1. Which of the residues in segment B:132-170 show a loss of at least 10 Å² in accessible area from their chain by itself to the complete set of protein chains, at a probe of 1.4 Å?
2. Show the residues, 5+ positions off or on another chain, whose built amide H is closer than 5 Å to the amide H of A:Ala24.
3. Short version: ³J(HN,Hα) in whole Hz for each residue of segment A:49-57, in order, from phi by Karplus 6.51 cos²θ - 1.76 cosθ + 1.60 (θ = phi - 60°), x for Gly and Pro, what are they?
4. Give me a comma-separated list of calculated 3J(HN,Hα) values for segment B:10-20, in order, Karplus coefficients 6.51, -1.76, 1.60 applied at θ = phi - 60°, integers in Hz, x for any Gly or Pro.
5. Could you give the accessible area per residue of chain B, probe 1.4 Å, as a whole number in Å²?
6. A:Val77 to A:Lys49: extension gain in nm, 0.36 nm per residue of separation minus the Cα-Cα distance?
7. Whole-Hz Karplus ³J(HN,Hα) for segment B:178-185, in order, using 6.51 cos²θ - 1.76 cosθ + 1.60 and θ = phi - 60°, x for Gly and Pro?
8. What's the ranking of B:117-127, B:161-171 by average number of surrounding C-beta atoms within 10 Å, highest first?
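The values are calculated or read from the model by the stated rules, or taken from the named source; none is laboratory data. The shown structure was predicted, so the numbers you read here are calculated from the model rather than taken from an experiment. All Cβ positions, even for glycine, are placed from backbone atoms using ideal geometry, and neighbour counts span all protein chains on display. In case anyone asks, the SASA skips ligands and DNA or RNA and just uses the protein heavy atoms, side chains included. Shrake-Rupley method; radii C 1.70, N 1.55, O 1.52, S 1.80 Å.
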Amino acid sequence: MLTLQCPYCGVDAEETELHAEGEAHLKRFGPGSSDDDFETYLFMRENPKGVHFERWRHSNGCGKFFHAARSTTTLEVFGTYSAQTYEPPQDIKDKITAKYPGWSWREFA
Amino acid sequence: MSNAVSALNSASFEGFATVTETGLRGMITLRGDLSSAKLKAAVKAATGAAIPDVRRVTTGKDGMAAWMSPDELLILCDYASVNDTIATLTAKLTGEHALAVNVSDARAVFRIAGDGAREVLAKLAPVDLSAGAFQAGDFRRSRIAQVAAAFWLNDDNSFELVCFRSVAQYVFDVLKVSAQPGGEVGFL
């Protein structure tokens, strides 16, 4: 059972109170973008064994979206943070580096 | 004018805790910037209650305010005075990016009272309901079995629970099962 702390209401919400909303930090390519960019935006996703960044929604709760950094292999959660950001906060990156030196995920490392 | 009736017309069940549908209750969804002074004054004027902290309820002389999300409050008041309360809120919030809507008839309210009240809810919601973790005035939005619900603990150790009116019968049924005599866990 995955337990994530909602950064808005501060509760340690378990999985059944949340809804997974796919990969975090996607950059949207809309009308007028190239076919390649649009295809990448729509379909190309990370599928890592290890560190991963995801979007979650506290659906049976405050209803807000937030981001979570976790490991897909160990289910270890490095932290959750607000969705109003373009990249993971430094303290979460540091935490991951301490555990998995040399990790990388898309453009982040 | 037709006669307003609550979802289950005050149905009640006596188990190791008492589950009652509380009848008509005025409920207002208030969206806005909770840190704004204007919104604070509006809530004070309408209910007498202060802006609640995260996951808390506050009580005033004319109603209650509950923390629903970082930009949303649930205002509870008498069913008869809902329109007046909304009028007060709207008037006080002129010029502010905020919205107050009457949701009284879209929701149902249950009261769970008795020594086993914590247990009745703990069986249905993924929430730590031990006396140390969930105290009077605490408020939590979560789920009851399969549907969304919100509940808080009153000073008299009874819980009140709000859910959508469309699932009122379902919530009453699962609360009844949870409160069935012989189903006491004796842990909380």
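1. B:Arg140, B:Arg141, B:Ser142, B:Arg143, B:Ala148
2. Here A:Phe53, A:Glu54, A:Arg55 satisfy the definition.
3. Computed from phi, the couplings for segment A:49-57 are 9, x, 4, 8, 10, 10, 9, 10, 10 Hz.
4. 6, 4, 9, 9, 10, x, 6, 9, 9, 10, 10
5. On the way: 8650 Å² over 188 residues.
Value returned for chain B: 46 Å² of accessible area per residue.
6. Working: separation 28, 0.36 × 28 = 10.08 nm, distance 1.42 nm.
Answer, rounded to one decimal: 8.7 nm.
7. Working through the residues one at a time gives 5, 9, 4, x, x, x, 5, 8 Hz.
8. Working: B:117-127: 21.8, B:161-171: 18.9.
Top of the packing list down: B:117-127, B:161-171.
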